[in-house]
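Reading through the C-alpha cells given below for one structure.
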Amino acid sequence: MEATYFWIIIYSCLIFGTGVLCDRKLERRQAVSSCSVNNDDMFYCSNKMCIEWSSVCDGYKDCSDGSDETRDTCARYEYGTNMTMACGRVHIQNQVISKKGNKEVKEAMVGTAPWYVRILKLYDDTYIRMCGGTIIAPNVVISEASYFWEEGMKSMKISVKDGLYIVSVGKYTYKNFKVDQDTDFHKKMNVKIIYLREGYNGTGNEDIAVIVLANKISFSNGFAAPVCIDWNGQYNVFNGDQGKVIVRDLSDDVEPTYFERNSSYINSITCQKLYPTVYSEVTSYEKFCAYRKLEPLYSYQGLGITFLHSNSHFLTGVNTRYDEDTNERMVQQFIDLRFYVHWIRGIINKHVTVNSCVLPTVEGVVYSYEDSNEILPHGTLIDNHLNINENCEVGYHKAYPSRFRFCQGKGKWLTNSEKLCFKMCPPLESDSLDIKCSHNGKYANCSNLSIPDTIARLSCKSTHSAPNGKDESPLQLICQSNGMWNKPLYTCNPNCGRVYIEIKLLINNGTKALVGTAPWNVGIYRFDKKKSNHDLICGGSIISPNLVVSAAHCFWNQGMLSNTISISDGLYKIAVGKYDRNFSIIDNEFTKIINVKIVYLTEGYNGHTGSYFEDIAVILLEKRVPFSDGVTPVCIDWNGEYKEENGDHGKIVGWGKTENASSSPILLEASLPYIDRSTCRGMYKNEFERYVTVDKFCAGSALGQGVGSGDSGAGLCFLHSDSYYLTGVVSSKDTDKNYSIATFTEIKYHIEWIRGLFDRYNKVK
C-alpha cells in the first residue's frame with residue numbers, strides 16, 4: 001500500500017522566570033493512504049483516504065482534497081452547530097443567588113463562566129459530586145483524570161453505562177443533586193465516554209481527562225457556552241497574568257455557592273522555588289501554578305483556569321490540587337493544556353464529525369438536498385443517513401442523467417466514483433468562418449456550449465479568404481474533456497472590393513437594379529424630431545466590420561467643441577444592403593440597420609470657412625456589420641500601390657439628383673472619369689478653385705454623369721487587380737455651373753489617420 005504523509009504540531013517550550021514561551025514546529029507523520037473497513041479511529045477524507053482524527057482542523061490540509069480543513073468542519077469542532085455566540089464570551093453579568101432572609105449575602109457566579117460544569121457519580125441512587133470540568137464543545141468537557149482512573153484498567157477509553165456519571169450544567173449552589181432547581185437553565189447530561197492518557201498511572205503527570213457526553217449541550221440561552229482553546233499556539237501567559245477560576249463557599253452562614261476569582265499565573269520553575277510543598281513530588285514542566293488571596297473559598301479539582309485573549313477566555317490549565325502558604329495565599333496546581341492540544345483535537349474531531357460527512361470540492365459539481373433547489377456549498381457538513389443530489393454547474397456537461405451520494409457517517413460517502421461533470425467548450429462564433437459541428441455523427445450547434453468529443457469543421461466564408469500561411473482546406477477542431485478546443489479559431493480576411501451581381505426586382509414599377517454592385521455602400525440617416533422619421537443625409541463606404549468612411553460636412557456644425565462626436569441617442573443610423581431610399585423599407589436579406597456610436601473628424605476640418613479642407617469622417621458603429629454576399633468592405637490602398645490617371649473611370653453609387661432634379665428613390669450607379677487636382681483647379685475661374693484643396697481631386701465631366709446633393713460622403717472606387725479600392729469621398733460641387741464635376745477628398749492623403757482608427761478598432765493580424 002502506498003503511504004502518504006501528514007504533519008502534526010509539536011510544541012517546544014522555554015521556561016523563563018516570568019513565563020512560558022512555546023513555539024510550534026511541524027513534525028512529519030505517516031498517514032494511512034486507504035481506509036480500513038469501519039475504522040472508527042480514522043477520519044475519512046472525501047476522496048476516500050484516511051488520516052488521524054487529530055490532524056483534522058489543525059491548520060494544514062492533510063487530505064489531498066482539503067476536506068479536513070473546511071470552514072464548516074472546523075467551525076463545528078470548535079464551537080458546535082447549535083451555538084449562537086462565539087467561544088469564551090460572557091454575555092450574562094453577576095446575579096444575586098444566595099440570600100439570608102431579605103439580606104443579600106453574596107453575588108454568585110451565574111453565566112459569567114458559562115463553560116463551568118460539575119461532574120457527579122451515582123452511589124446508591126444518589127449522585128455525589130466528584131470534580132469540576134470545563135465545556136470546550138457541545139458534547140465535550142475537560143477535567144482531571146484521577147477521579148476516573150482505577151488500578152488494573154485495561155483501556156484508557158472508558159465506556160460509561162447509562163447514568164453512572166453525569167455532568168451538571170448551570171448548577172451554581174452546592175446542594176444535594178436531588179434538589180436541583182437552582183436556575184431555569186440547569187441541565188443534567190449523561191456521560192458516554194471518558195478518555196484518559198495512555199501514560200497516566202493515577203498520579204503525577206498527564207492528569208487530564210476528556211469527557212464525551214451522550215447528548216449535546218444547548219448554547220442558546222447564554223447560561224452555557226464553550227470556552228476557547230488555543231488550538232494554534234497563538235498566545236503566551238506570563239508570571240503575574242490574571243486568570244479566572246471558579247471557587248465554592250463553605251462558610252457556615254450561607255449554603256455553599258459558587259463564585260469566580262482571579263488568580264495570578266506562576267510558571268513551573270518559579271512555583272517549585274516558591275512553593276516546594278505544592279511541587280514536592282512534581283518535576284514536570286507540563287504543570288504551572290496560580291495563587292490568590294486566602295479565604296474560605298475552595299476550588300474543585302478538574303476545574304479550569306482561563307485567561308483573556310482578544311476579548312475571549314481561553315482554557316489554559318486544569319486544576320489538580322490546591323494548598324495554602326504562609327503568606328495567607330491559596331496556591332493551585334494546574335495541568336498545562338498546551339501540551340495536550342493535539343490529543344484533545346483528535347477526540348473532539350472524532351465525536352463532533354462522527355455522524356457527518358463533508359461535501360467534497362469537485363469541479364463542476366453542485367449539491368442539493370433531495371426535493372430542494374437550494375445549492376449547498378462545497379465543504380458543508382451533511383448529517384448521517386441523508387441523500388444528496390449531484391448536478392452540474394452551468395458550463396458543464398452531465399455524463400449521465402442522475403446521481404446522488406449517501407452519507408454513511410464518520411465522513412464516509414456511498415457514491416458512484418465515475419466522473420459526473422465535464423467542462424464544456426465555449427461557443428464557436430466567427431464573422432469570417434463557416435462552422436459545421438457534429439457529435440457522435442449527429443448535428444451539433446457549436447454556437448452554444450459544446451460537450452466533449454464534439455467535432456467542428458471550419459472553412460472561410462465565401463466572402464473571406466484564408467489568412468496568409470493557412471491552407472484553404474477545412475480545419476477540424478475537437479472539444480476536449482478539459483473544456484478547451486484542441487486548436488484556436490483563426491480569422492479569415494474579408495474579400496474587399498468584390499461585387500456580387502444578381503438581378504432582382506427592387507421597386508414596384510418594374511425598374512430593375514443590380515443588387516451587390518457596390519456592397520460596401522451605406523446610407524447614413526439622421527432622425528428628424530419634427531417629422532419623427534429618419535432622413536437620408538449622406539452615403540458612406542464600409543472599410544471594416546465596424547468602420548465606415550464618409551464626409552465630415554455630413555456631421556459638422558459651426559461652433560462644435562470637439563471633432564469627436566459621441567452618439568448615444570440614436571440620432572444617426574447607417575443602413576447596409578439598402579437600395580430603396582425609404583428608411584422603413586427592408587429591401588432584401590442583406591439589409592441591416594445599425595446605430596452610429598462615434599463620428600471622428602480630423603482636427604483641421606472647419607467646414608465652409610476652411611474650404612472643406614479635410615472633409616472626411618470615420619464612423620464607428622455600435623455593432624459589427626455581418627458580412628455576406630451582399631455586404632462586404634471596399635479595399636483601401638494602405639501601401640500606396642496604385643495611382644489613378646486622368647480619364648480613368650471609377651464607380652460611385654448614391655441617391656442623388658436625377659435628370660429631372662428630384663432625389664432618386666432608388667440607388668443609382670455612375671461611372672466617373674478621374675481628374676487630378678491641378679487639372680481640376682484650371683477648370684474654375686470663379687473662386688471655386690479654392691475648394692479644390694491639397695487633399696482633393698475631381699471626377700465627372702461637363703456633359704456626362706456626375707454626383708448630386710444626395711451623394712455627399714459616397715465613395716468613388718477604382719478597379720485594381722479585380723478589386724475596387726476606395727479612392728475618394730464626395731465633398732462639394734460648384735452650384736454655379738451645370739458641370740457634373742465634383743471634388744473628392746483623397747483617401748491616400750489621410751491614410752495614416754484612417755489607419756490609426758482602423759488599427760484601434762480592428763485587431764491587426
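The values are calculated or read from the model by the stated rules, or taken from the named source; none is laboratory data. What you are looking at is a predicted structure, and each value in this text was computed from that prediction instead of being measured. Note that we place each Cβ from the backbone using ideal geometry, even for glycine, and neighbour counts take in every protein chain shown.
Does segment 162-184 hold any residues that are more than 48 Å from the chain's Cα centre (by Cα), modelled with pLDDT of 80 or more and farther than 27 Å from Asn201 by Cβ, and which are they?
Gly163
Limited to segment 482-501, what total is found for residues that are of a type in the set (S, T, N, Q) and under 17 Å from Ser462 (Cα atoms)?
Here the count works out to 3.
Looking only at segment 630-642, decide whether some residue is free of Cβ contacts under 8 Å to residues at least 40 places away in the same chain, surrounded by fewer than 21 Cβ atoms within 10 Å (Cβ to Cβ) and of a type in the set (S, T, N, Q).
yes
So which of Val362, Val366 is within 27 Å of the chain's Cα centre (by Cα) and in a loop (DSSP other than H, G, I, E, B)? Talk me through it step by step, then tell me what you get.
Details: Val366 fails: in a loop (DSSP other than H, G, I, E, B).
Of the residues listed, the single one that is within 27 Å of the chain's Cα centre (by Cα) and in a loop (DSSP other than H, G, I, E, B) is Val362.
Restricting attention to segment 287-313, which residues are of a type in the set (Phe, Trp, Tyr) and closer than 17 Å to Ser264 by Cβ?
So in segment 287-313, the residues of a type in the set (Phe, Trp, Tyr) come out as 288, 291, 298, 300, 307.
Phe288, Tyr291, Phe307, listed by residue number.
Can you pull out the residues in segment 334-355 that are surrounded by fewer than 20 Cβ atoms within 10 Å (Cβ to Cβ) and farther than 30 Å from Cys289 by Cα?
Val354, Asn355
Suppose we keep only residues that are in contact with a Cys (Cβ under 8 Å, 6 or more places away or on another chain) and not in a loop (DSSP other than H, G, I, E, B) within segment 583-638. Which one would you say is farthest from Ala714 (Cα to Cα)?
To start, the set of residues in segment 583-638 that are in contact with a Cys (Cβ under 8 Å, 6 or more places away or on another chain) comprises 617, 632-636.
Checking the rest, the ones that are also not in a loop (DSSP other than H, G, I, E, B) come to 617, 635.
Details: Ala617: 11, Cys635: 14 Å.
Looking at the filtered set, the residue picked out is Cys635.
Restricted to segment 552-589, and to residues that are more than 19 Å from Glu669 (Cα to Cα) and among the small types (Gly, Ala, Ser), which residue is surrounded by the most Cβ atoms within 10 Å (Cβ to Cβ)?
Per the criteria, the residue is Ala552.
Which condition breaks for Gly379 when tested against (1) crowded, with 16+ Cβ neighbours inside 10 Å; (2) part of a loop (DSSP other than H, G, I, E, B); (3) on the phi < 0 side of the Ramachandran plot?
Only one criterion in (1) crowded, with 16+ Cβ neighbours inside 10 Å; (2) part of a loop (DSSP other than H, G, I, E, B); (3) on the phi < 0 side of the Ramachandran plot is unmet by Gly379, namely (3).
Cβ-Cβ below 6 Å, separation at least six or inter-chain, first residue in segment 307-321 and surrounded by fewer than 22 Cβ atoms within 10 Å (Cβ to Cβ), second of a type in the set (Ser, Thr, Tyr) and not in a strand (DSSP E or B): which pairs?
Partner pairs satisfying both residue conditions: His309/Tyr235.
Being modelled with pLDDT under 95, crowded, with 24+ Cβ neighbours inside 10 Å and at negative phi is true for just one of Ala699, Ala670. Which residue is that?
Details: Ala670 fails: crowded, with 24+ Cβ neighbours inside 10 Å.
Exactly one residue qualifies, and that residue is Ala699.
What is the number of the single condition among (1) more than 14 Å from Thr134 (Cα to Cα); (2) at pLDDT 75 or above; (3) not aliphatic (A, V, I, L, M) that Gly222 does not meet?
(2)
Name the pairs: first residue in segment 437-457 and within 17 Å of Pro426 (Cβ to Cβ) and assigned by TED's automatic domain parsing to the domain that holds Asn486, second residue small (Gly, Ala, Ser) and in a loop (DSSP other than H, G, I, E, B), Cβ to Cβ under 6 Å, at least 6 apart or on different chains?
Pairs found: Pro452/Ser481.
Considering only residues that are out of contact with any Leu (no Cβ under 8 Å at 6 or more places or on another chain) and in a loop (DSSP other than H, G, I, E, B), which ones fall in segment 231-246?
Hits for segment 231-246 are Trp231, Asn232, Gly233, Gln234, Tyr235, Asn239, Gly240, Asp241.
Give segment 653-667 a look and list any residue that's at negative phi and either modelled with pLDDT under 85 or hydroxyl-bearing (Ser, Thr, Tyr) (or both), or say none.
Trp655, Gly656, Lys657, Thr658, Glu659, Asn660, Ser662, Ser663, Ser664, Pro665, Ile666
Can you pull out every residue in segment 137-161 that is assigned to a loop (DSSP other than H, G, I, E, B), hydrophobic (A, V, I, L, M, F, W, C) and at pLDDT 90 or above? So that I can check it myself, show each step before the final result.
At the first step, the residues of segment 137-161 found to be assigned to a loop (DSSP other than H, G, I, E, B) are 138-139, 144-156, 160-161.
Still in the running and hydrophobic (A, V, I, L, M, F, W, C): 145, 148-149, 153, 156, 160.
Once the filter is applied, which keeps residues that are assigned to a loop (DSSP other than H, G, I, E, B), hydrophobic (A, V, I, L, M, F, W, C) and at pLDDT 90 or above, segment 137-161 yields Ala145, Phe148, Trp149, Met156, Val160.
Limited to segment 41-57, what total is found for residues that are within 23 Å of Lys157 (Cα to Cα) and either in a loop (DSSP other than H, G, I, E, B) or of a type in the set (Gly, Ala, Ser) (or both)? I'd like the intermediate steps shown before the answer.
Taking segment 41-57 and keeping what is within 23 Å of Lys157 (Cα to Cα), we get 41-44, 50-57.
Still in the running and either in a loop (DSSP other than H, G, I, E, B) or of a type in the set (Gly, Ala, Ser) (or both): 41, 54-57.
Qualifying residue count, segment 41-57: 5.
Which of the residues that make up segment 671-701 are within 60 Å of the chain's Cα centre (by Cα) and not in a loop (DSSP other than H, G, I, E, B)? Steps first, please.
Initially, segment 671-701 is screened for residues within 60 Å of the chain's Cα centre (by Cα), giving 693-697.
Correct list: Lys696, Phe697.
I want to confirm something. Restricting to segment 187-202 and keeping residues that are surrounded by 16 or more Cβ atoms within 10 Å (Cβ to Cβ) and in a loop (DSSP other than H, G, I, E, B), which single residue is modelled with the lowest pLDDT?
In this case the residue turns out to be Tyr200.
Condition first: surrounded by 14 or more Cβ atoms within 10 Å (Cβ to Cβ), aliphatic (A, V, I, L, M), at pLDDT 90 or above and not in a strand (DSSP E or B). Can you find one or more residues in segment 119-136 that meet it? I'd like the intermediate steps shown before the answer.
Residues of segment 119-136 that are surrounded by 14 or more Cβ atoms within 10 Å (Cβ to Cβ), as a first pass: 119-122, 127, 129-136.
Filter once more, keeping what is aliphatic (A, V, I, L, M): 119-120, 122, 130, 135-136.
Narrowing the set further to residues that are at pLDDT 90 or above leaves 119-120, 122, 135-136.
Next cut, not in a strand (DSSP E or B) only: none.
Looking for residues that are surrounded by 14 or more Cβ atoms within 10 Å (Cβ to Cβ), aliphatic (A, V, I, L, M), at pLDDT 90 or above and not in a strand (DSSP E or B), one finds none in segment 119-136, hence no.
Determine if segment 551-571 includes at least one residue that is in a strand (DSSP E or B) and either under 19 Å from Gly728 (Cα atoms) or among the acidic types (Asp, Glu) (or both).
The initial filter retains those residues of segment 551-571 that are in a strand (DSSP E or B), namely 564-566.
Still in the running and either under 19 Å from Gly728 (Cα atoms) or among the acidic types (Asp, Glu) (or both): none.
No.
Only one residue in Val365, Val358, Val331 is buried (at least 16 other Cβ atoms within 10 Å of the Cβ), β-branched (Val, Ile, Thr), modelled with pLDDT under 85 and more than 23 Å from Lys273 (Cα to Cα). Which one? Give the derivation first.
Details: Val365 fails: modelled with pLDDT under 85; Val331 fails: more than 23 Å from Lys273 (Cα to Cα).
Of the residues listed, the single one that is buried (at least 16 other Cβ atoms within 10 Å of the Cβ), β-branched (Val, Ile, Thr), modelled with pLDDT under 85 and more than 23 Å from Lys273 (Cα to Cα) is Val358.
Quick one: in segment 490-541, which of the residues that are under 50 Å from the mean Cα position of the chain (by Cα) and among the hydroxyl-bearing types (Ser, Thr, Tyr) is modelled with the lowest pLDDT?
Result: Tyr500.
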